[in-house]
1. Report, ordered by the first and then the second residue, all pairs with beta carbons closer than 7 Å, sequence separation of six or more or different chains, a first member in region 25-53 that is without any contact (Cβ under 8 Å) to a residue 24 or more places away in the chain, and a second member that is exposed (fewer than 12 other Cβ atoms within 10 Å of the Cβ) and of a type in the set (S, T, Y).
2. Take region 37-58 and flag every residue that is at pLDDT 90 or above, open to solvent by less than 100 Å² (accessible area, probe 1.4 Å) and under 11 Å from the mean Cα position of the chain (by Cα).
3. Considering only region 1-31, how many residues are at pLDDT 90 or above and basic (K, R)?
Amino acid sequence: MPSEKELNVNLLDKLDILERLEMADNEGGYEKMKQQLAFEKKCLERKLYQKPPITELQ
């Protein structure tokens, strides 16, 4: 079960994504949002597929 701190971090990350998408919409509409969505997808994939830090292996 995740701790409250872990839950808050996850929620703050999601809030950051939503705020960036809102900014993209305000700046350039649909095309800008498509670009921002592609960027956010790359960021999430990078986090998902990263190897754990060496300190966790010890």
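The values are calculated or read from the model by the stated rules, or taken from the named source; none is laboratory data. Note that the structure is a prediction, hence the values are computed from the model and not measured. No Cβ is skipped: glycine too gets one built from the backbone with ideal geometry, and neighbour counts run over all protein chains shown. Note: areas computed on protein heavy atoms with side chains; ligands, DNA, RNA excluded. Shrake-Rupley method; radii C 1.70, N 1.55, O 1.52, S 1.80 Å.
1. Close Cβ pairs satisfying both conditions: none exist.
2. So in region 37-58, the residues at pLDDT 90 or above come out as 37-42.
This time we only want the ones that are open to solvent by less than 100 Å² (accessible area, probe 1.4 Å), so: 37-38, 40.
Within region 37-58, L37, E40 meet the criteria.
3. Result for region 1-31: 2.
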